[in-house]
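Participant: This is the structure I want to talk about, given as structure tokens.
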Amino acid sequence: MNLKSCEKKENGEADIIVEVNAEMFEAAIAKSFIKNRNSVAVPGFRKGKAPRKIIERMYGASIFHPDALDFLAPDVIDFVKAESELKIVGFPRISDVDIKENNSGVDLTVTVSVYPEVKLAEYKGLSAVKIDAAIPESAIDAEIAGVRLRNARIEKVDRPAISGDITVIDFEGFIDGVPFDGGKGENYELELGSGSFIPGFEDKVAGMTVGEERDIDLVFPEQYAENLAGKPVVFKVKLNELKEKQLPELDDEFAKDVSEFDTLEEYKADIRGRLQKEKTEESDTAFENALIIKITESMEAAIPEDMIEEQMDIAANNFARQVSAYGMEPAKYLQMMNMTPELFRENLRINSEKQVKATLALEKIAELEGIELSEEDIENEYKELSERFGIEPDKLKEQVDKEKVTQELKTRRAAKIVTDHAIAEAPSETDGEKPEKPVAKPKKAAAKKPAAEGETATEKPKKTAAKKPKGDESE
């Protein structure tokens with residue numbers, strides 16, 4: 001084979017013409033003949049017995065060309081990758097074929113996407129808003145309050161129900177005096193103030209005492225199941241049992257019960273340190289992202305579509321793994337979100353393009369700054385990854401190649417150069433919005449199963465028609 005020419009195009013691609021000599025082309029045609037001879041009918045010959053020359057004379061010399069070119073393609077593409085001296089991204093494709101007379105060889109045009117040349121403006125001395133990473137005492141108090149609530153004792157009480165109480169109720173709903181499907185429950189546990197039922201229901205249960213019966217007049221929300229939306233309803237409710245959450249005392253014994261610390265002050269200090277670390281990391285990441293966005297906005301690069309598509313593949317695969325970790329099939333999750341796979345993938349495009357631009361910018365900075373890594377640097381990174389993911393270093397090296405680790409380390413150091421030379425601006429009152437992320441991690445709540453067979457259209461899974469549907473939380 002011989003590389004005849006290489007022509008770069010403005011769209012980030014290049015056309016490379018590879019000359020395949022007669023000997024190689026003939027060997028490929030011979031393979032094609034062997035593959036196809038049993039499927040070619042020639043009068044006077046049993047299938048598979050007709051000589052190649054007879055078949056070519058009868059059907060034309062080109063009959064074996066398609067498969068011959070398929071046999072050649074892998075070797076040609078490997079040759080292009082090795083000999084073109086281009087940094088190729090994506091998968092090369094054969095875009096044109098020129099077969100010479102008498103099968104004396106063939107010229108194949110291979111179209112490749114080329115790693116773009118990047119031109120940067122100034123990347124040092126930039127400024128961006130940096131979020132204050134201070135942790136207020138209220139954040140620590142809120143964290144402890146949540147722990148106290150999770151460790152509360154549940155005790156029966158004899159008094160009027162108030163918000164936060166757990167009620168055990170019987171209820172049945174009537175529209176125009178007629179009960180409706182899914183509107184009845186017995187000994188149902190409802191926490192007042194949880195917002196589980198339609199607006200107004202829990203407010204009107206408040207004040208009831210054990211044994212009391214009460215009619216509750218309400219109107220279903222307009223955004224509800226079609227057969228109930230906007231209709232007046234009467235719920236007949238009986239309070240069977242009333243329980244309250246008794247929070248543990250906030251003292252050293254509490255700290256010992258819920259943590260590894262002996263005193264409440266030590267426990268608080270640990271919470272403060274953890275929250276501080278999280279907030280600092282969040283602030284640093286947002287600052288770094290804001291600076292990189294500024295760099296990419298002034299960057300010049302002809303980014304090939306293959307690079308964006310490859311990043312979209314990565315994002316889609318990460319999303320699928322995240323959803324699967326919550327026990328959902330990605331296809332069913334998208335169906336629940338009323339989104340087609342095509343629309344979901346297209347929604348990944350904007351952030352994938354931003355991710356590609358950021359990577360290109362940081363790699364160029366690493367090149368301009370002459371960032372080099374030692375073998376010790378790379379080994380330490382493998383060690384850190386091994387500890388983080390609980391995978392043996394040798395197995396990790398099989399899964400994550402050295403080039404990927406090297407690239408990650410270089411871009412991380414390049415980002416540090418940018419932030420170390422940047423100016424942090426104090427946030428204004430209008431600042432504070434979080435930066436965009438390539439793909440949001442699905443929340444557990446979003447992975448709920450659809451209504452089971454037999455449940456009414458007005459119900460959530462394992463819930464009753466008295467409860468508001470998804471999308472009602474704002475009411």
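The values are calculated or read from the model by the stated rules, or taken from the named source; none is laboratory data. As the structure is a computational prediction, the values presented were derived from the model and not from experiment. Heads up, the Cβs are rebuilt from the backbone with ideal geometry, glycines too, and the neighbour counts pull from every protein chain shown.
Participant: Can you tell me which residue within the range 158-171, out of those that are crowded, with 17+ Cβ neighbours inside 10 Å and among the hydrophobic types (A, V, I, L, M, F, W, C), is farthest from the chain's Cα centre (by Cα)?
Facilitator: Ranking the qualifying residues of the range 158-171, first place goes to Ala161.
Residue by residue, here is whether (1) closer than 21 Å to Val76 by Cα; (2) modelled with pLDDT under 90; (3) surrounded by fewer than 15 Cβ atoms within 10 Å (Cβ to Cβ) holds:
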| position | (1), (2), (3) |
| --- | --- |
| Lys4 | yes, no, yes |
| Ala22 | yes, no, yes |
| Asn36 | no, no, no |
| Pro51 | no, no, yes |
| Ile55 | no, no, no |
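Participant: Another one. Mind listing whichever residues of the range 213-269 are farther than 19 Å from Ser163 by Cα, basic (Lys, Arg) and at pLDDT below 95?
Facilitator: Lys231
Participant: Turning to a different aspect of this structure: Checking Met336 against (1) at pLDDT below 90; (2) within 15 Å of the chain's Cα centre (by Cα): exactly one of these is not met. Which one?
Facilitator: Unmet condition: (2).
Participant: Given Ile94, Ile135, which one is surrounded by 17 or more Cβ atoms within 10 Å (Cβ to Cβ), within 32 Å of the chain's Cα centre (by Cα) and either in contact (Cβ under 8 Å) with a residue 24 or more places away in the chain or not in a helix (DSSP H, G or I) (or both)?
Facilitator: Selected residue: Ile135, the only one of Ile94, Ile135 that is surrounded by 17 or more Cβ atoms within 10 Å (Cβ to Cβ), within 32 Å of the chain's Cα centre (by Cα) and either in contact (Cβ under 8 Å) with a residue 24 or more places away in the chain or not in a helix (DSSP H, G or I) (or both).
Participant: Where residues in the range 188-203 are buried (at least 16 other Cβ atoms within 10 Å of the Cβ) and at pLDDT 95 or above, which of them is farthest from Ile154 (Cα to Cα)?
Facilitator: Result: Phe201.
Participant: Considering each of Ile391, Ile365 in turn, give the residue that is more than 20 Å from the chain's Cα centre (by Cα), aliphatic (A, V, I, L, M) and part of a loop (DSSP other than H, G, I, E, B).
Facilitator: Result: Ile391 is the single residue among Ile391, Ile365 that is more than 20 Å from the chain's Cα centre (by Cα), aliphatic (A, V, I, L, M) and part of a loop (DSSP other than H, G, I, E, B).
Participant: Out of curiosity, is Gly207 small (Gly, Ala, Ser) and modelled with pLDDT under 95?
Facilitator: no
Participant: Shifting gears a bit: Given the options Val118, Val110, name the one that is more than 32 Å from the chain's Cα centre (by Cα) and β-branched (Val, Ile, Thr).
Facilitator: The unique qualifying residue is Val110.
Participant: Still on this structure, I have one more. In this structure, is Glu189 without any contact (Cβ under 8 Å) to a residue 24 or more places away in the chain and part of a strand (DSSP E or B)?
Facilitator: When the stated conditions are applied, Glu189 passes them.
Participant: Still on this structure, I have one more. Go through the range 154-198 and report how many residues are over 24 Å from Ala225 (Cβ atoms) and β-branched (Val, Ile, Thr).
Facilitator: Residues that pass the stated criteria total 6.
Participant: Of all residues in the range 164-194, count the ones that are touching a helix residue (DSSP H, G or I) at 6+ places or on another chain (Cβ under 8 Å) and either on the phi < 0 side of the Ramachandran plot or of a type in the set (Phe, Trp, Tyr) (or both).
Facilitator: 5
Participant: Here's another thing I want to ask about it. Cβ-Cβ distance below 8 Å, separation of 6 or more or different chains: which pairs start in the range 16-37 with a residue that is without any contact (Cβ under 8 Å) to a residue 40 or more places away in the chain and in the same structural domain as Asp67 (by TED's automatic domain parsing) and end on one that is among the β-branched types (Val, Ile, Thr) and surrounded by 14 or more Cβ atoms within 10 Å (Cβ to Cβ)?
Facilitator: Phe33/Ile55; Asn36/Ile63; Arg37/Ile55
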